[in-house]
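Visitor: Here's a structure for you.
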Amino acid sequence: MAIFPTVFLPLLLLTYVIHCATADSDDLVTELLSLQSRSKSGIIHLDDQLISRFLTSTKPPRPYSLLIFFDAEQLHSKPELHLQDLYTQYSLVSSSFIANNDVSAASSLFFCDIEFKESQKSFSLFGVNSLPHIRLVGPNVKNLQDLQDLYTQYSLVSSSFIANNDVSAASSLFFCDIEFKESQKSFSLFGVNSLPHIRLVGPNVKNLQDSEVMEQGDFSRMAESMSEFVESRTKLNVGPIHRPPIVSKNQIAFLVVTVLIWVRKMPLFLVDRNDPSKLVFFHQGSGMQLGGEGFAVGFLYTTVGLLLGVVTHVLVRVNNRSAQQVVMGVALVVSFWAVKKVVSLDNWKTGYGVHAFWPTSWR
């Protein structure tokens, strides 16, 4: 009988610890469900305190995922961001998800929002610098910024490997990703219990848990450390990392066009002969056109074309009729003004004009 304490006491303690952990997780889910029920659309409003309770202070794996809509009330007045329209659509997705799933499924994913002025600390934790922004925080996420940054670096290694190798070499190694919610069974096969996690499955691997694992400490140098890991395990050459250029293609094109204008002896402007302190961008007369004039007319034409594209392809998808009418009115006014400016410039430059006359029978 003396064996009982030494054998069963550790088991009882272990059972108690597991029970407490499960109880804490159940309490969090219950609290989330309670917050969800207070919202008509099922969206939970988060702040710094709730972010700490449900994410940063809770060790993964959590029994839930949070989909977070980042908002800022001071930016609602900027129509180009469409924050309020996007939030309306986000609310529809939230309410539809709750309506179309049973309690067990609906309690695994919660739709949330967070406002910048109330929760600037949380915005910093996520590394959110611009809006609109929506982030999914899975059950195994520890650092709220790491996964996105690491995935970006992983993408750079993948694209660099393909760009630096021929078809035969590139077809011997493939870069892949897998998401927990979609493939929980595969996570179990690999024995993955925490993130970030990168594995190399070689040609001779039978048991997936025997595949090569990239150590957590090797993530510090981002793409370079991932490249070294691949090269050391596969003996394949990844090559230099192809990072996005500092100067974009549009900026390069603008510089090239500017240079071509000067090479073709078509300056952007001239110095006024009567007053050397002034610059002349528009030359009167049909025999010559300055570069500045060409850019101005081209900009007006481009403005009209872009507005036409917005009205015919973007505005038709907006559900708010008042917004449609306002944007349509602005587009018509701006387009009319741009065309009028082009016609006026042509009349001034050529000396010709278009005049309307009443028919003789109407007089």
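The values are calculated or read from the model by the stated rules, or taken from the named source; none is laboratory data. Nothing here was measured: the structure is a model prediction, and the numbers come from that model. Backbone-built Cβ (ideal geometry, glycine too); neighbour counts: all protein chains shown. Keep in mind that these areas ignore ligands, DNA and RNA; they rest on the heavy atoms of the full protein, side chains included. Shrake-Rupley method; radii C 1.70, N 1.55, O 1.52, S 1.80 Å.
Visitor: Can you spot a residue in the range 290-304 that is over 18 Å from residue 79 (Cα atoms) and touching a Ser or Thr at 6+ places or on another chain (Cβ under 7 Å)?
Guide: yes
Visitor: Something else about it: When the residues of the range 54-74 are filtered to those that are surrounded by 15 or more Cβ atoms within 10 Å (Cβ to Cβ) and part of a helix (DSSP H, G or I), which remaining residue is nearest to the chain's Cα centre (by Cα)?
Guide: Applying the filter and picking the extreme gives 55.
Visitor: Sticking with this one: Sort out which residues of the range 102-117 are over 20 Å from residue 42 (Cβ atoms) and out of contact with any Leu (no Cβ under 9 Å at 6 or more places or on another chain), and write them in order of number.
Guide: We begin by selecting, within the range 102-117, every residue over 20 Å from residue 42 (Cβ atoms); these are 116-117.
117, the sole residue that qualifies.
Visitor: Next question. Residues of the range 165-185 being under 27 Å from the mean Cα position of the chain (by Cα) and open to solvent by 40 Å² or more (accessible area, probe 1.4 Å), which ones?
Guide: Once the filter is applied, which keeps residues that are under 27 Å from the mean Cα position of the chain (by Cα) and open to solvent by 40 Å² or more (accessible area, probe 1.4 Å), the range 165-185 yields 174, 175, 176, 177, 178, 179, 180, 181, 182, 184.
Visitor: Please go through the range 1-56 and pick out each residue that is of a type in the set (Ser, Thr, Tyr) and at pLDDT 60 or above.
Guide: Selection gives 25, 30, 34, 37, 39, 41, 52, 56.
Visitor: If you scan the range 152-173, which residues turn out to be more than 12 Å from residue 238 (Cβ to Cβ), at pLDDT 75 or above and among the hydroxyl-bearing types (Ser, Thr, Tyr)?
Guide: 155, 168, 171, 172, listed by residue number.
Visitor: Still on this model: Within the range 87-133, work out how many residues are in a helix (DSSP H, G or I) and either open to solvent by less than 30 Å² (accessible area, probe 1.4 Å) or not hydroxyl-bearing (Ser, Thr, Tyr) (or both).
Guide: The qualifying residues number 19.
Visitor: Which one is nearest to residue 176 (Cα to Cα) among residues in the range 187-207 that are in contact with a Leu (Cβ under 9 Å, 6 or more places away or on another chain), open to solvent by 50 Å² or more (accessible area, probe 1.4 Å) and outside any loop (DSSP other than H, G, I, E, B)?
Guide: Among residues in the range 187-207 that are in contact with a Leu (Cβ under 9 Å, 6 or more places away or on another chain), open to solvent by 50 Å² or more (accessible area, probe 1.4 Å) and outside any loop (DSSP other than H, G, I, E, B), the one nearest to residue 176 (Cα to Cα) is 199.
Visitor: Filter the range 313-331 for residues that are open to solvent by 70 Å² or more (accessible area, probe 1.4 Å), more than 11 Å from residue 79 (Cβ to Cβ) and free of Cβ contacts under 8 Å to residues at least 12 places away in the same chain and give the result.
Guide: 313, 314, 316, 317, 321, 322, 325
Visitor: So the check is Cβ under 8 Å with 6+ separation or different chains; which pairs have a first residue in the range 50-78 that's over 18 Å from residue 181 (Cα atoms) and a second one that's of a type in the set (Phe, Trp, Tyr) and loosely packed, with under 15 Cβ neighbours inside 10 Å?
Guide: Sorted first by the residue in the range 50-78, then by its partner, the list stays empty.
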